[in-house]
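Okay, structure first, notes after.
The values are calculated or read from the model by the stated rules, or taken from the named source; none is laboratory data. Treat the numbers as computed from the prediction; the structure is a model and nothing was measured. Backbone-built Cβ (ideal geometry, glycine too); neighbour counts: all protein chains shown. We work out accessible area using only protein heavy atoms, side chains counted, and drop any ligands, DNA or RNA first. Shrake-Rupley method; radii C 1.70, N 1.55, O 1.52, S 1.80 Å.
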Amino acid sequence: MFTNYSIKRMIPRLIVAAILVNVSFYICALAVDLSNLLGYNLAQLFGNFDIGGEGTTAPEGSLWTGIMSGLLVGAGIALLVIAIILAPSVLLAAGLVIMILVARKALIILLIAISPLAFVAYLLPNTEDLFKKWYKLFFALLMVFPIISVVFGASKLASTIL
């Protein structure tokens, strides 16, 4: 049974629910844009380091030049053998990253579609757990791209240093 007090207490929640349902798409779109912007900027952050390659060089024909060229040839051959052995693993990892990003995009679209229901669930007394589950999944999916960007940016920086 509704009392005068419970109706007065529910009116602000209903007004907030009406507003949140109508702007839920824009709130989610803003969150996705911020996530993508963060991911792109983190990837560029690692790409903007200037690794100066200028140093002292050994004179032509010195013993040091011969040793270094032999080491570089050996390292090149070792890297080629490692690349041949690890090629299937690298292709599998790249395929998995692409699949994760595609699945992320599809799931984010679905979560945005049900976002009005999630915001209503937040405002209703016994359904806050549903909103928390929706929010945790939405936030985790939004963080996937920035995390992958950091990994790829850091590996690009490491390869530039090496």
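Some points to look at:
- When residues in the stretch 1-18 are screened for being open to solvent by 100 Å² or more (accessible area, probe 1.4 Å) and either in contact with a strand residue (DSSP E or B) (Cβ under 9 Å, 6 or more places away or on another chain) or closer than 16 Å to residue 120 by Cβ (or both), 1 of them pass.
- Search result, residues across the stretch 19-30 that are open to solvent by less than 50 Å² (accessible area, probe 1.4 Å) and not hydrophobic (A, V, I, L, M, F, W, C): 24
- Qualifying residue in the stretch 107-116 (condition: farther than 22 Å from residue 148 by Cβ and either surrounded by fewer than 13 Cβ atoms within 10 Å (Cβ to Cβ) or among the β-branched types (Val, Ile, Thr) (or both)): yes
- Just one of the listed residues (66, 95, 74, 70) is assigned to a helix (DSSP H, G or I), at pLDDT 85 or above and farther than 30 Å from residue 12 by Cβ, and it is 95.
- Residue 85 of a type in the set (A, V, I, L, M, F, W, C) and within 22 Å of the chain's Cα centre (by Cα): no
- Exactly one residue among 155, 149 is touching a residue at least 24 places away in the same chain (Cβ under 8 Å), open to solvent by less than 80 Å² (accessible area, probe 1.4 Å) and either more than 16 Å from residue 35 (Cα to Cα) or assigned to a helix (DSSP H, G or I) (or both), and that residue is 149.
- Of the numbered criteria (1) under 25 Å from residue 15 (Cα atoms); (2) open to solvent by 90 Å² or more (accessible area, probe 1.4 Å); (3) assigned to a helix (DSSP H, G or I), the one residue 131 fails is (2).
- Taken as a whole, the condition of being at pLDDT 90 or above and among the hydrophobic types (A, V, I, L, M, F, W, C) applies to residue 31.
- Filtering the stretch 34-44 to residues that are farther than 29 Å from residue 114 by Cα and either at pLDDT below 85 or open to solvent by 100 Å² or more (accessible area, probe 1.4 Å) (or both) leaves 43, 44.
- Per the conditions (1) open to solvent by less than 90 Å² (accessible area, probe 1.4 Å); (2) more than 24 Å from residue 147 (Cβ to Cβ); (3) at pLDDT below 80, the sole criterion not satisfied by residue 79 is (1).
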